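Since the structure comes first, as structure tokens, the remarks are kept for the end.
The values are calculated or read from the model by the stated rules, or taken from the named source; none is laboratory data. As the structure is a computational prediction, the values presented were derived from the model and not from experiment. All Cβ positions, even for glycine, are placed from backbone atoms using ideal geometry, and neighbour counts span all protein chains on display. Protein only, heavy atoms only, side chains kept; ligands, DNA and RNA dropped before computing areas. Shrake-Rupley method; radii C 1.70, N 1.55, O 1.52, S 1.80 Å.
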Amino acid sequence: MKKLVTFLFVFPLLAFGQSVKGTFYPAEDFTYAFLYEATPEGANYVSHGELNTEGQFEIKIDSSAAPGIYKIVYATPPEENNFDFIYDGKETIAFKFSQENGVEFTESEENKLWASYLKSMDMVNQTIANYYEKDGKDKEGFKAVFKVLKDTQTSYEALAIGRLASAFIVANRPYIPTEYEDVNTYSKNVKAHYFSSVDFSNYILQSSTFLVDRVMSYVFNMVENPTNDTYKSLIDDVANAINNKDLVIKTYLLDLLWQRFASEENNTVANYITDKYLLDLANQTGNIVLAETISSYKNTSIGTKAPNFEIASSQNTTSLHDLKSSKYYLLIFWSSTCSHCLNELPKVKELVAKKSNVKVVAFGLEEEPSKWTEEIKNYPNFVHTIGLGKWENPIVKTYGIAATPMYFLLSSDKIILAKPYAFEDLEIVLKDL
């Protein structure tokens, strides 16, 4: 979901309705603007425009183009350099854009209404913050501040009736207390009602970045100095807020949270999401790739016992867990057909020759054994085993191996201590052993 997928079509006789046009600043920093139609499943290519020397472009929109959420991509990587806008099928969209100031819509009542709403609500929320910072005990002042909040929300909801922007304005409906609340009570109620007006099944919201932004803000901005237990509680709130009928969007949003914690190497919370929600959701939605990805991550998280596998040789058959001869084990996934591996393994051999407390276990990913059989003769002190089927080998999938060589440093009990990304990282990890 939400991945950019390019579909190129040729239309012999196009009937154009409106257009998307914009000006980028500074002009020399941009070349093209690409237009996509956003959907809950991804983003479909529509057309593109080349910017002139003034940074301007215009893309005509086919009159049959469906109203909804569209996206302008202005640089690579596209996932990080884009913005959404609302297209109602009737209005021309015009905007100004710079990296410093973002997007400003100069034509399109839909987008100008949504932008105006956000600006107005930001000002009201700042007033609320100022009220509580100064004193927060003046009950008449309390009534006045929250009357402004209620009136602002009500007036914009009325203005948005019949517009696509209504979905966003309603979903962003704030918590409004009916009687005086101190700052702690108010904060708790804001948190408790954060998703009350959000319809996770709404197609427009699913097609936009609104749900992602809402969820990420809740988990990462709601509580100051969160612990892992706090994160788990916030994630539970997100999962409980999404109806189980909306399994696809639920899977997508929890996957994004998992990716965030995995990228930060917070194994505890990432694996919590996997165990409590995401693995079941991946299986229910038939997302095999996701199930394999999160399972292999969990299997190889630092602090986890490395998955066991058989080690067969001409002398005997044992397993990774049964190896007893060393304080540390360096597990290497490699291949005799991998040039990087053939370049790095001699360096590894030289590096560990000075480390009597480190034993290398080399797992070869191979389609057939002949070349591997010859190559391992160069490393008589390594413990060798072969994984036929290469990338389809079950152990390779269990460990989530996507490239070779890949390193894992294990304790004597086969607990994963480190996962050096490159040989230079391996040198640092082994330096003090």
**Report entry** Condition check for residue 137: assigned to a helix (DSSP H, G or I) and of a type in the set (D, E, K, R)
**Finding:** no
**Report entry** Qualifying residues in segment 1-39 (those that are closer than 23 Å to residue 91 by Cα and assigned to a loop (DSSP other than H, G, I, E, B)) - the one modelled with the lowest pLDDT
**Finding:** 11
Query raised in the report: Right, residue 359: in contact (Cβ under 8 Å) with a residue 12 or more places away in the chain and over 34 Å from the mean Cα position of the chain (by Cα) or not?
Result: yes
Query raised in the report: Picking from 207, 197, which residue would you name as being among the small types (Gly, Ala, Ser), open to solvent by less than 40 Å² (accessible area, probe 1.4 Å) and touching a residue at least 60 places away in the same chain (Cβ under 8 Å)?
Result: 207
Report summary line: Going through segment 106-115 in order, the residues found to be crowded, with 16+ Cβ neighbours inside 10 Å and among the polar types (S, T, N, Q) are 108, 111
**Report entry** Close pairs from segment 213-233: first at pLDDT below 95, partner of a type in the set (Ser, Thr, Tyr), Cβ under 6 Å, at least 6 apart
**Finding:** 223/230
Requested in this report: Identify the residue in segment 117-150 that is without any contact (Cβ under 8 Å) to a residue 12 or more places away in the chain and open to solvent by less than 70 Å² (accessible area, probe 1.4 Å) and, among all such residues, is nearest to residue 83 (Cα to Cα).
Outcome: 129
Query raised in the report: Are any residues in segment 81-105 open to solvent by 60 Å² or more (accessible area, probe 1.4 Å) and in contact with a Lys or Arg (Cβ under 7 Å, 6 or more places away or on another chain), and if so, which ones?
Result: 104
Report task. Scan the strands (runs of 3 or more DSSP E) fully inside segment 256-362 and keep the ones with 2 or more residues being under 18 Å from residue 404 (Cβ atoms) and of a type outside the set (A, V, I, L, M). Result -> 328-334
**Report entry** Search result, residues across segment 398-433 that are in a helix (DSSP H, G or I) and under 22 Å from residue 322 (Cβ atoms)
**Finding:** 398, 399
Query raised in the report: Among the residues of segment 367-388, how many are of a type outside the set (D, E, K, R) and part of a helix (DSSP H, G or I)?
Result: 5
Query raised in the report: Which of the following residues is in contact with a strand residue (DSSP E or B) (Cβ under 8 Å, 6 or more places away or on another chain), under 25 Å from residue 241 (Cα atoms) and of a type outside the set (Phe, Trp, Tyr): 164, 205, 149, 211?
Result: 164
Report summary line: The helices (runs of 4 or more DSSP H) lying wholly within segment 196-248 that contain at least 1 residues that are of a type in the set (Lys, Arg) are 210-221, 228-241
Query raised in the report: For segment 390-425, which residues satisfy the criterion of being open to solvent by less than 30 Å² (accessible area, probe 1.4 Å) and either aromatic (Phe, Trp, Tyr) or under 23 Å from residue 337 (Cβ atoms) (or both)?
Result: 393, 396, 399, 401, 404, 405, 407, 408, 420, 422, 423
Report summary line: The residue that is surrounded by the most Cβ atoms within 10 Å (Cβ to Cβ), considering only those in segment 287-340 that are free of Cβ contacts under 8 Å to residues at least 60 places away in the same chain and within 24 Å of residue 427 (Cβ to Cβ), is 336
Query raised in the report: Within segment 171-194, can you find the residues that are part of a helix (DSSP H, G or I), surrounded by 14 or more Cβ atoms within 10 Å (Cβ to Cβ) and not β-branched (Val, Ile, Thr)?
Result: 171, 186, 187, 189, 191
